[in-house]
1. Since B:Thr115 meets every condition but one in (1) open to solvent by 30 Å² or more (accessible area, probe 1.4 Å); (2) away from every other protein chain (no Cβ under 14 Å); (3) touching a Ser or Thr at 6+ places or on another chain (Cβ under 9 Å); (4) among the β-branched types (Val, Ile, Thr), which condition does it not meet?
2. Against the condition touching an Asp or Glu at 6+ places or on another chain (Cβ under 9 Å) and open to solvent by 20 Å² or more (accessible area, probe 1.4 Å), how does A:Thr133 come out, does it pass?
3. Among all residue pairs at least 6 apart or on different chains, which show Cβ distances below 9 Å where the first residue, located in the range B:172-197, is within 13 Å of another protein chain (Cβ to nearest Cβ) and the second is open to solvent by 20 Å² or more (accessible area, probe 1.4 Å) and acidic (Asp, Glu)?
4. So in the range B:137-172, with the set limited to residues that are of a type in the set (D, E, K, R) and at pLDDT below 90, which one is nearest to B:Ala67 (Cα to Cα)?
5. I want to confirm something. Restricting to the range A:187-228 and keeping residues that are more than 21 Å from B:Ala168 (Cβ to Cβ) and of a type in the set (Lys, Arg), which single residue is most open to solvent (accessible area, probe 1.4 Å)?
6. Is it the case that some residue within the range A:113-124 is in contact with an Asp or Glu (Cβ under 8 Å, 6 or more places away or on another chain) and not aromatic (Phe, Trp, Tyr)?
7. Among the residues of the range B:111-136, count how many are assigned to a helix (DSSP H, G or I), among the acidic types (Asp, Glu) and either farther than 19 Å from B:Val19 by Cβ or modelled with pLDDT of 95 or more (or both).
8. Counting only residues that are open to solvent by less than 10 Å² (accessible area, probe 1.4 Å) and under 22 Å from the mean Cα position of the chain (by Cα), how many does the range A:5-18 have?
2 protein chains.
Amino acid sequence: MKPVIILVRPQLGENIGAVARAMANFDLSELRLVAPRDGWPNQRAIEVSSGASHIIEAAKVYSDFAAATADMELLYATTARPRDMEKRALMPAEATAEIATSSNCCALIFGPERTGLENEEVAASDAIITIPTSSEFSSLNIAQSVVVVCYEWLKNSTNPKLTVKEPAPLASKSEWQGLFSQLEEYLDEVNYYRVEHKKPIMWQNLQTFLMRGGWSEQELRTFRGMLRSLWERDRKNREAIK
Amino acid sequence: MKPVIILVRPQLGENIGAVARAMANFDLSELRLVAPRDGWPNQRAIEVSSGASHIIEAAKVYSDFAAATADMELLYATTARPRDMEKRALMPAEATAEIATSSNCCALIFGPERTGLENEEVAASDAIITIPTSSEFSSLNIAQSVVVVCYEWLKNSTNPKLTVKEPAPLASKSEWQGLFSQLEEYLDEVNYYRVEHKKPIMWQNLQTFLMRGGWSEQELRTFRGMLRSLWERDRKNREAIK
């Protein structure tokens, strides 16, 4: 079931707006705010949310953590600092995969910018989510944290597949053989190998790396056409000599 | 190997700063900028990067895409819009897992805020990365895109799976650029395209499938040598005509 996003005592309106955008990007819609520092509504949040203002407009405001979470069944608290608690600790992917298959009302909870969630708030949650970061620079902006967790939500809830173009059918081996006899003839005629005994290995290497691109029939034909263009210009010149 | 992050024609300094923060959060450090709109250094980028200013200070600026990618071996272009190209399309997790086990110099490339990468820039890349988003609100801020891709990088690089190493290092992009200017010159001279307005798309397709084989430096050199052999024979004949 789609999780609710709860921001606890958020400070900057622009972060709330950026969170709304990230939610819309990754297909979430219900936002709850616990005691936003600068009051509500917040003009800066509306401005930054551009394109996701419906989420800002529908956001519900609560006076405290307990009220905001009262109708929820599973709470996932994001926290950067390790907490000394006997609490399940999950990666974003694990948590969102669990939420995606859960029939319970779940909330993803993010603390204030400077301090993060209070210990009691983490203790009141069912699991902790920690985003893996560099050990040297671990402080993620709140909107960035929401981006990562919501991205994992979309990835794990919908199993998105890229809409990749149907690949063009590969050239057949007889078409490759056609290319190779054409090319072999050209190269013999220009004395490409210089030393006859080197030809077998050089020719094998050349064929190997040409084939590696997995060309389609059309691409192989284009390549042959290109070779022919280079060659016929030559033929024209030879005819001119006669 | 750790990827380089390349921002192509970034517009807002604050986005560049936010990108630097995200890189530091997820353990990346080399940032390159192609023609930043507001010049460089950028005060706003420095301010927003707080805690990651070492990345901003070490960022290198290039005048164009080719210069910024010349010493790279594999380019991953992030793009929201589907492009009509025969190009591998990857999810962030797939791409970063591939990079984590690669012994090549890889770059993750992000386009300008409003327009994204140009078609030629995507065409010059080895693979496309698309971040899965809501079909109703897919426009991700550039810094958010970098957060998602760098997060996947850290996630997939710290627990890399075993793969077979590439036997030979891939050709660098400057070597590919060398091949392409040589070939372009030849094809123009033999009037390969016949119709001028068809050249851009034909040339793009040709580059795309030539690149697809992931040639090593040696293989690319062999291919150039083969083209030169075909060509110089031609030159000899032209000289004979004189």
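The values are calculated or read from the model by the stated rules, or taken from the named source; none is laboratory data. Keep in mind the model is a prediction, meaning the values are calculated, not measured. Neighbour counts are summed over all protein chains in view; Cβ atoms, including those assigned to glycine, are modelled from backbone coordinates with ideal geometry. Accessible surface areas use protein heavy atoms only, side chains included; no ligands, DNA or RNA. Shrake-Rupley method; radii C 1.70, N 1.55, O 1.52, S 1.80 Å.
1. Here B:Thr115 clears every test but (3).
2. Yes: the conditions hold for A:Thr133.
3. B:Val190/A:Glu232
4. Within the range B:137-172, the first condition is being of a type in the set (D, E, K, R), and the residues that meet it are B:152, B:155, B:161, B:165-166.
When the remaining residues are screened for being at pLDDT below 90, the result is B:161, B:165-166.
Values: B:Lys161: 33, B:Lys165: 28, B:Glu166: 25 Å.
Looking at residues that are of a type in the set (D, E, K, R) and at pLDDT below 90, I get B:Glu166.
5. Only one residue tops the list, namely A:Arg194.
6. Of the range A:113-124, the ones in contact with an Asp or Glu (Cβ under 8 Å, 6 or more places away or on another chain) are none.
Looking for residues that are in contact with an Asp or Glu (Cβ under 8 Å, 6 or more places away or on another chain) and not aromatic (Phe, Trp, Tyr), one finds none in the range A:113-124, hence no.
7. Qualifying residue count for the region: 1.
8. 2
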